[in-house]
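Everything below concerns the one structure shown next.
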Amino acid sequence: MKLTVKDVMTAHVIAVRKGASFKEMTERLREHRISAFPVIDDGKVIGVVSEADLLTKEALDGGHAGMPGMISGILHRREQERAAGLTAGDLMTDPAVTVEPDDPVEHAARLMYARRVKRLPVTDAAGRLVGIIGRADVLAVYSRPDEEIRKEICDEVILNKFFTDPARFTVTVRDGIVTLKGRPETALLGHDIVSEVRHVQGVVAVRDRLSCPPPERPAKLGPLF
């Protein structure tokens, strides 16, 4: 079975309420040796406070004293407002980017990459916090055993998805790197199998060693008269 967020997330989450003070947040970051935590209000996740958010206040509060005028001038208004904040609600990044427990791990990885964040709160259908997932957690898919990957490729991809006899192929997996050998019925089928194998969880790379038949050329039509 494919890993989902709930399989790799951390269920014990350090969170703060919307009214938590700046001092309380910095103390909890140091105490628990974490770099961010979700902000909750009435049990629901409304934002995330990170070290970067707290550093904004440290660096910019006080009217940007001593900062060059050009640098001060290009600061976003939201950052300036955040620098004056006193609570988690003031300093947090919102809205929070979240995932749900049954989401595929790949979905969480894509969100982290696209939003350039290191972790995502995990919420249930009502928006309540149930866990947190970080970059190291999503990389857990690459610890999947090679034999398990090979079996999925043979049974789920080649046989069940493409209705092709796996005996036509030699599938080897070593350290997550898949090597495919054999002769598919058509070049298109070979291309589709390789493409699908790339999306199997735990696959690091695919080496295409298939001996595909040349594509068929359309028959030439002779003169009509």
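The values are calculated or read from the model by the stated rules, or taken from the named source; none is laboratory data. If you're wondering where the values come from, they're calculated on a predicted model, not measured in any experiment. Cβ sites come from the backbone with ideal geometry, for glycine too, and all protein chains shown count toward neighbours. These accessible areas exclude ligands, DNA and RNA; they are computed on the full protein's heavy atoms, side chains included. Shrake-Rupley method; radii C 1.70, N 1.55, O 1.52, S 1.80 Å.
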Checklist entry - When both residues are 6+ apart or on different chains and their Cβ atoms are under 7 Å apart, which pairs have a first residue that lies in the range 91-106 and is at pLDDT 90 or above, and a second that is open to solvent by 60 Å² or more (accessible area, probe 1.4 Å)? => result Val97/Arg115; Val99/His107; Pro101/Lys6; Asp102/Lys6; Pro104/Lys2
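Take the residues in the range 141-150 that are within 11 Å of Val200 (Cα to Cα) and loosely packed, with under 15 Cβ neighbours inside 10 Å; name whichever of them is modelled with the highest pLDDT. Quick ask: steps written out before the conclusion?
Filtering the range 141-150 for residues within 11 Å of Val200 (Cα to Cα) gives 141-142, 144, 148-150.
In the following step, the residues that additionally are loosely packed, with under 15 Cβ neighbours inside 10 Å were identified as 142, 148.
Working: Tyr142: 91, Glu148: 94.
The residue in question is Glu148.
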Checklist entry - Scanning for something of a type in the set (Ser, Thr, Tyr) and surrounded by fewer than 14 Cβ atoms within 10 Å (Cβ to Cβ), does the range 122-133 turn up at least one residue? => result no
Item to check | Whichever residue in the range 118-144 is in contact (Cβ under 8 Å) with a residue 40 or more places away in the chain, of a type outside the set (Ser, Thr, Tyr) and not in a strand (DSSP E or B) and, among such residues, is farthest from Ala15 (Cα to Cα) | outcome: Arg144
Checklist entry - Within the group Val13, Val45, Val39, which residue is in contact with a helix residue (DSSP H, G or I) (Cβ under 7 Å, 6 or more places away or on another chain), outside any helix (DSSP H, G or I) and of a type outside the set (Phe, Trp, Tyr)? => result Val39
Item to check | Residue list for the range 154-190, restricted to those being farther than 27 Å from Leu3 by Cβ and part of a helix (DSSP H, G or I) | outcome: Ala167, Arg168, Ala187, Leu188, Leu189, Gly190
